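Colleague: Starting off with a structure, shown below.
The values are calculated or read from the model by the stated rules, or taken from the named source; none is laboratory data. In this text the structure is predicted, and so the values were computed from the model without any measurement. Here the Cβ positions follow ideal geometry from the backbone for every residue, glycine too, while neighbour counts run over all protein chains shown.
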Amino acid sequence: MGHVFRHDENGAVALTDALEVLGSLFAKEGARQYLGEAVSISTHMLQAAALAEAAGAPDHLIAAALLHDVGHLRHEHAPHEHSGAEWLAQWFSSCVIEPVRLHAAAKRYLCAVEAGYLEKLSPASLESLHVQGGPMSPEESRSFAELSYAKDAIAVRRWDEAAKDPAAPGPEFDHFRPLLERLAQR
């Protein structure tokens, strides 16, 4: 993407640069339509974070909701949930990155275990569900439910699905910058 990063003594990208890059991704790459939905990718991610904030979620879940689709902004070839989590691991702990990594699996889980969840999915979300492997099997569901961050991923997934309203106003990325600064590993 052409960004020049400053690195700390351990070789990690400096946090101030990371937040600038994230802000730039939201402003530029995020302006694209969100995979067949009526909102942009950034609007979707900002709405998800606003929903988490309105629900009184802890900061780490607000951050995970905000950043859950960052892999889409980076044009990685790996599944977006994995590439996004790996990239974010430079600055954030497991409590932020694992719900990001697991949010697509959480959709598959909810479709398997919650009556009516599948019917609530948007057409674009149904299409991505198919690509992601469809609803989980009973064995996959049991394994997922035992994961340390399964409940957090499910919460992020619910905000993710609800964050597709073209009429809903949302905060700007900078609204969440102080939260990201607090959560970032130095």
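Colleague: Within the range 122-169, work out how many residues are closer than 12 Å to Ala52 by Cα and part of a loop (DSSP other than H, G, I, E, B).
Modeller: Selection size over the range 122-169: 1.
Colleague: Within the range 10-43, which residues are part of a loop (DSSP other than H, G, I, E, B) and either within 23 Å of Ala89 (Cα to Cα) or at pLDDT below 90 (or both)? I'd like the intermediate steps shown before the answer.
Modeller: Taking the range 10-43 as the starting set, the residues that turn out to be part of a loop (DSSP other than H, G, I, E, B) are 10-12, 14, 28, 32, 34-39.
Within the range 10-43, Asn10, Gly11, Ala12, Ala14, Lys28, Arg32, Tyr34, Leu35, Gly36, Glu37, Ala38 qualify.
Colleague: Using the structure shown, decide if Val131 is within 18 Å of Ala155 (Cβ to Cβ), without any contact (Cβ under 8 Å) to a residue 60 or more places away in the chain and surrounded by fewer than 17 Cβ atoms within 10 Å (Cβ to Cβ).
Modeller: On the way: within 18 Å of Ala155 (Cβ to Cβ): no; without any contact (Cβ under 8 Å) to a residue 60 or more places away in the chain: yes; surrounded by fewer than 17 Cβ atoms within 10 Å (Cβ to Cβ): yes.
In short, no.
Colleague: I've got another one for you. Given the criteria of a type outside the set (D, E, K, R), surrounded by 14 or more Cβ atoms within 10 Å (Cβ to Cβ) and under 25 Å from Ala184 (Cβ atoms), does Leu118 qualify?
Modeller: For Leu118, the condition - of a type outside the set (D, E, K, R), surrounded by 14 or more Cβ atoms within 10 Å (Cβ to Cβ) and under 25 Å from Ala184 (Cβ atoms) - is not met.
Colleague: Still on this structure, I have one more. Based on what the data block shows, is Val70 of a type outside the set (Asp, Glu), out of contact with any Asp or Glu (no Cβ under 8 Å at 6 or more places or on another chain) and either modelled with pLDDT of 95 or more or crowded, with 21+ Cβ neighbours inside 10 Å (or both)?
Modeller: Details: of a type outside the set (Asp, Glu): yes; out of contact with any Asp or Glu (no Cβ under 8 Å at 6 or more places or on another chain): yes; either modelled with pLDDT of 95 or more or crowded, with 21+ Cβ neighbours inside 10 Å (or both): yes.
Yes.
Colleague: Pull up the range 164-184, narrow it to residues that are touching a residue at least 24 places away in the same chain (Cβ under 8 Å) and aliphatic (A, V, I, L, M), then point me to the one that is surrounded by the most Cβ atoms within 10 Å (Cβ to Cβ).
Modeller: Leu180
Colleague: Before we move on, is Arg101 at pLDDT 95 or above, surrounded by 13 or more Cβ atoms within 10 Å (Cβ to Cβ) and in a helix (DSSP H, G or I)?
Modeller: Numbers: at pLDDT 95 or above: yes; surrounded by 13 or more Cβ atoms within 10 Å (Cβ to Cβ): yes; in a helix (DSSP H, G or I): yes.
Considered against the rule, which asks whether it is at pLDDT 95 or above, surrounded by 13 or more Cβ atoms within 10 Å (Cβ to Cβ) and in a helix (DSSP H, G or I), Arg101 comes out as yes.
Colleague: Further question on the same structure: Can you find a residue that is out of contact with any strand residue (DSSP E or B) (no Cβ under 9 Å at 6 or more places or on another chain), at negative phi, of a type in the set (Val, Ile, Thr) and at pLDDT 95 or above anywhere in the range 148-157?
Modeller: There is at least one residue in the range 148-157 that is out of contact with any strand residue (DSSP E or B) (no Cβ under 9 Å at 6 or more places or on another chain), at negative phi, of a type in the set (Val, Ile, Thr) and at pLDDT 95 or above.
Colleague: Would you check if His80 is under 10 Å from the mean Cα position of the chain (by Cα) and at pLDDT below 95?
Modeller: On the way: under 10 Å from the mean Cα position of the chain (by Cα): yes; at pLDDT below 95: yes.
Yes: the conditions hold for His80.
Colleague: If you don't mind, there's one more thing I want to ask. I'd like the full set of residues that are part of a loop (DSSP other than H, G, I, E, B) and within 18 Å of Leu179 (Cα to Cα), limited to the range 44-82.
Modeller: If we filter the range 44-82 for residues that are part of a loop (DSSP other than H, G, I, E, B), which is where we start, we get 55-58, 68-69, 74-79.
Once the filter is applied, which keeps residues that are part of a loop (DSSP other than H, G, I, E, B) and within 18 Å of Leu179 (Cα to Cα), the range 44-82 yields Ala55, Gly56, Ala57, Pro58, His68, Asp69.
Colleague: Go through the range 150-168 and report how many residues are farther than 23 Å from Arg108 by Cβ and either among the hydroxyl-bearing types (Ser, Thr, Tyr) or touching a helix residue (DSSP H, G or I) at 6+ places or on another chain (Cβ under 9 Å) (or both).
Modeller: Taking the range 150-168 first, the residues farther than 23 Å from Arg108 by Cβ are 165-168.
Add one more test, that the residue is either among the hydroxyl-bearing types (Ser, Thr, Tyr) or touching a helix residue (DSSP H, G or I) at 6+ places or on another chain (Cβ under 9 Å) (or both), and what stays is 165-166, 168.
Residues meeting the conditions: 3.
Colleague: Scan the range 83-94 and report the pairs whose first residue is in a helix (DSSP H, G or I) and whose second residue is crowded, with 22+ Cβ neighbours inside 10 Å and of a type in the set (Lys, Arg), with Cβ atoms within less than 7 Å and a gap of 6+ or a chain change.
Modeller: Note: pairs meeting the criteria are Ala85/Arg101.
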